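Here is the structure we will look at.
Taken together, the values in this text are just the output of simple stated rules run on the coordinates, not laboratory data. Small disclaimer: the values here were computed from a predicted structure and weren't measured. So basically every Cβ, Gly included, is an ideal-geometry build from the backbone, and we count neighbours across all protein chains shown.
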Amino acid sequence: MTARILDGAALARSIRADMAQRAAALAGRGRPPGLAVILVGEDPASSVYVRNKVKDCEEVGIRSILDHLPVHTTQDSLLARIRQLNADPSVHGILVQLPLPPQIDAHTVIETISPAKDVDGFHVASAGALMTGQAGFLPCTPYGVMKMLEHAGAVLKGAEAVVVGRSNIVGKPQAMLLLQSDATVTICHSRTRDLAAHTRRADILVAAVGRMKMITGDMVKPGAIVIDVGMNRDAAGRLCGDVDFDAVREVASWITPVPGGVGPMTRAMLLVNTIEAAERAAA
Ligand code: GUN
């Protein structure tokens, strides 16, 4: 079997088109959506991510406010800025790009963002809402993965889903979302014994580890849907995932490429969360 490609870039384009319509509707009611993005320091990867987020906002008609703060910014001044944005009714989403410089505690920063504007879905209130099935904001990457599974027509009810990775921003929320869709979920991690024994049972396999090509063809069940959240650089500097794409595509039924898979969907879901926040504020 050669897997079909789950084209995240194309799906993200159609989501952006939908968001552009919803942004225009909000603007038509005098409530244009706004996203504040805060970047502290000059981390090159973060600078690229932030630039892309601002560009995405422009494309769909979300007003973006970029705060680029110096690397020596104090935690107190960052918290003061967040409180100001919390109180600003023209700002519906607040995103503080991570990682932060060492003098700033990321946890304190995230908890200072109003849960109503937590479009990253990183606040404990958002995590708790997800855990208990309440309305909140979903972290963009696992949210995007669920949209991709839906697009592929994946039957999640009763399916064996295996998530490799247990981070707060991908692995754990991903497992919770799959559970909410009635999958039987296993979370694997660096201390898991016999990883392949678990991955080979998976109808849905989500790899979010950060280790290049660690999911090999023999670790995948024939016909599985394989989602690659990895973003690694090989020796030549090329972006590559956690999945050995060439080998696994001969086994799986669907597979996401890297680049062009989960990455564009993560970006698109930030726009979805921002529009959602603006619609809730306007309601
Ligand atoms: N750094 C890397 N990915 C992300 C993300 O999704 N959100 C934020 N705020 N920082 C990040």
Meets criteria (closer than 30 Å to A23 by Cβ, in contact with a Leu (Cβ under 8 Å, 6 or more places away or on another chain) and not hydrophobic (A, V, I, L, M, F, W, C)) for T199: no
Of all residues in segment 250-283 being in a loop (DSSP other than H, G, I, E, B) and of a type in the set (A, V, I, L, M), the one that is surrounded by the fewest Cβ atoms within 10 Å (Cβ to Cβ): A283
Residues of segment 85-101 that turn out to be farther than 20 Å from R280 by Cα and either touching a Pro at 6+ places or on another chain (Cβ under 6 Å) or away from the ligand (no atom under 16 Å from the Cβ) (or both), as a count: 0
Any hit, segment 160-178, residues being in a helix (DSSP H, G or I) and more than 30 Å from T199 (Cα to Cα): no
Among residues of segment 59-76, those that are within 15 Å of the ligand (Cβ to nearest atom) and out of contact with any strand residue (DSSP E or B) (no Cβ under 7 Å at 6 or more places or on another chain), counted: 0
Residue tally, condition β-branched (V, I, T) and touching a Gly at 6+ places or on another chain (Cβ under 8 Å), over segment 209-239: 3
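Yes or no, residue by residue, for (1) surrounded by fewer than 19 Cβ atoms within 10 Å (Cβ to Cβ); (2) in contact with a Lys or Arg (Cβ under 9 Å, 6 or more places away or on another chain):
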| residue | (1), (2) |
| --- | --- |
| L6 | no, no |
| E42 | yes, no |
| N52 | yes, yes |
| R63 | yes, no |
| L69 | yes, yes |
Single match in D43, D56, D7, D18 (criterion: farther than 30 Å from G223 by Cα and away from the ligand (no atom under 14 Å from the Cβ)): D18
